Amino acid sequence: MDATAMAELVRMKQVTPAELVQSAIDRIEQLNPQINAVVTRMYEEALAAAAAPVQGPFTGVPFLLKDLAAACKGVVTSSGSRYMKGYRADRDTELVARYRRAGLIILGKTNTPEFGILPTTEPELFGPARNPWDTGRTTGGSSGGSAAAVAAGMVPMAHANDGGGSIRIPASCCGVFGLKPTRARNPLGPFLGDVYGGLVAEHAVTRTVRDSAALLDATSGYALGDPYCAPPPARPFAREAGADPGKLKIAVMTEPPLGTPIHPDCLAAVADAVELLMDLGHERLEAAPSIDGELLWKNFMTVWSAGVTWTIKNAHYALGRAPAEGELEPMTQAYAEMGEKVTAADYMLAIQYFQFLGRQIAEFMKEFDVILAPTLGSPPLPLGSFAPTPEDPLASGVASAFVPFTPVFNATGQPAMSVPLYWNQEGLPVGVHFAGRYGDEATLFRLASQLEQARPWAGRRPTISI
């Protein structure tokens, strides 16, 4: 069942929250040794919460938090790093507080790469998360543990966040639904306001579209002190799931900004989606915004590397000490050293470029409702593919080829989603990516729900699953 159906069972008193939580614990304990999705357990707290559940839209539904940014009072938030492995926040983040108020029962934390830097989940601290469709493949990153847990059936949905594709990348790799909301749709407080110049957005990976929509209703909206917020929706997002999207104008974008090659399976997934969309009455137009790929990547790496440096300095502030020798992974150290060289003017020029790009694509989207593209440049890669080399210590070559499209929409702040519509001949999921107008999650939810009804995916189960 999805989270919406579980919550309905609780409301109808056909099952108790404690039964749901114990069932999820049993599934985690059965499956986790094979996929390493959950790295911190909170079972005692979860069972105590289930005994006196908060009344909300998801009362009693088991839930997992990504071990990055989503701090729980008194619970370790390691951010996938040896440096942070003992850190415990003294309060919940606002998003976690909203999850609790929605009635969700938090069972633990999921695997993530160190500080969420990579599009794969292979931290030295916890070891790799393994894709339940093929345990030799990446789950994607940085929300790979969450996506693997949902795909395997441990929980129906799990927290995720996205600074360059980190919701959509693992959603594609693991065959689940992943929507990155509009910038500042969900709060980042109280510890943070704007992360990496607005690149980072918080939400979840889910099995169904309606769960994603209803969860966003429960968590979105301005929090006191936020530096800015997203435009308010016209009506609850849950009402968009199942609503008629109408006839949409869809721009199809298959040429990546950097010109990196796209795997035939990813192009086949787009072609298959286009055929389905046309069968559903939508209009396909071969068009794409004009993006200077070199300029985009240069500015993205400027902000990203400066962000890594800031992350480590922020951790230093929280812990009261600098990282000891060997506490940071070599790639993290390389990014931090790169970020140290970024000047304030460099950073501001990169942010200026992102703002220009956002206006440029907003102008393009006056003529289109959504942009369709491959989510990734290839199906899930083998574990170890992102290992640094002396020639490429940041693994930026393989990363830029693997995620050619997703970072654009972090830079612009638009909502975007990976929809699990296609599996290749090896049985690996290959997501299809849709981006909407700024502030317009509604169209994406309507379209995703229509696609879900036409090509159901929730019943597909990977090799490692219940």
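The values are calculated or read from the model by the stated rules, or taken from the named source; none is laboratory data. All values derive from a computational prediction rather than experimental measurement. As a convention, Cβ positions derive from the backbone with ideal geometry for all residues, glycine included, and neighbour counts pool all protein chains shown.
Laid out as a table, the results:
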{"quantity": "Ala214 vs. criteria touching a residue at least 24 places away in the same chain (Cβ under 8 Å), over 24 Å from Ala362 (Cβ atoms), of a type in the set (A, V, I, L, M) and in contact with a His (Cβ under 8 Å, 6 or more places away or on another chain)", "calculated": "no"}
{"quantity": "Pair list, Cβ < 7 Å and 6+ apart or interchain, from the range 231-243 residues that are over 12 Å from Leu216 (Cβ atoms) to residues that are surrounded by 15 or more Cβ atoms within 10 Å (Cβ to Cβ) and not basic (Lys, Arg)", "calculated": "Pro231/Gly439; Ala234/Ala442; Gly242/Ser449"}
{"quantity": "Residue within the range 366-375 that is surrounded by 13 or more Cβ atoms within 10 Å (Cβ to Cβ), small (Gly, Ala, Ser), in contact (Cβ under 8 Å) with a residue 24 or more places away in the chain and out of contact with any Ser or Thr (no Cβ under 6 Å at 6 or more places or on another chain) present", "calculated": "yes"}
{"quantity": "Matching option when the condition is over 28 Å from Arg130 (Cβ atoms), out of contact with any Ser or Thr (no Cβ under 7 Å at 6 or more places or on another chain) and surrounded by 24 or more Cβ atoms within 10 Å (Cβ to Cβ), among Ala213, Ala223, Ala201, Ala251", "calculated": "Ala213"}
{"quantity": "Sole residue being buried (at least 21 other Cβ atoms within 10 Å of the Cβ), modelled with pLDDT of 95 or more and under 29 Å from Arg460 (Cα atoms), chosen from Ala18, Ala7", "calculated": "Ala7"}
{"quantity": "Which numbered condition Tyr422 fails, given (1) at pLDDT below 95; (2) touching a helix residue (DSSP H, G or I) at 6+ places or on another chain (Cβ under 7 Å)", "calculated": "(1)"}
{"quantity": "Leu447 being touching a strand residue (DSSP E or B) at 6+ places or on another chain (Cβ under 7 Å), in a helix (DSSP H, G or I) and modelled with pLDDT of 95 or more", "calculated": "yes"}
{"quantity": "Leading residue by the ranking (farthest from the chain's Cα centre (by Cα)) among those in the range 156-205 that are assigned to a strand (DSSP E or B) and more than 15 Å from Leu68 (Cα to Cα)", "calculated": "Met157"}
{"quantity": "Unique residue being on the phi < 0 side of the Ramachandran plot, in contact with a Leu (Cβ under 7 Å, 6 or more places away or on another chain) and of a type in the set (S, T, N, Q) when the list is Ser400, Ser449", "calculated": "Ser400"}
{"quantity": "Criterion (of a type outside the set (A, V, I, L, M, F, W, C), without any contact (Cβ under 8 Å) to a residue 40 or more places away in the chain, assigned to a helix (DSSP H, G or I) and within 19 Å of Val408 (Cβ to Cβ)) met by exactly one of Gln333, Gln352", "calculated": "Gln352"}
{"quantity": "Selection count where residues are part of a loop (DSSP other than H, G, I, E, B) and either among the β-branched types (Val, Ile, Thr) or out of contact with any helix residue (DSSP H, G or I) (no Cβ under 9 Å at 6 or more places or on another chain) (or both), scope the range 365-386", "calculated": "7"}
{"quantity": "Options Ile169, Ile117; residue that is among the hydrophobic types (A, V, I, L, M, F, W, C), under 20 Å from Arg207 (Cα atoms) and in contact with a Ser or Thr (Cβ under 9 Å, 6 or more places away or on another chain)", "calculated": "Ile169"}
{"quantity": "Among the candidates Gly339, Gly326, residue that is outside any helix (DSSP H, G or I), over 20 Å from Arg183 (Cβ atoms) and in contact (Cβ under 8 Å) with a residue 24 or more places away in the chain", "calculated": "Gly326"}
{"quantity": "Filter result for Asn314 (assigned to a helix (DSSP H, G or I) and more than 20 Å from Gly259 (Cβ to Cβ))", "calculated": "yes"}
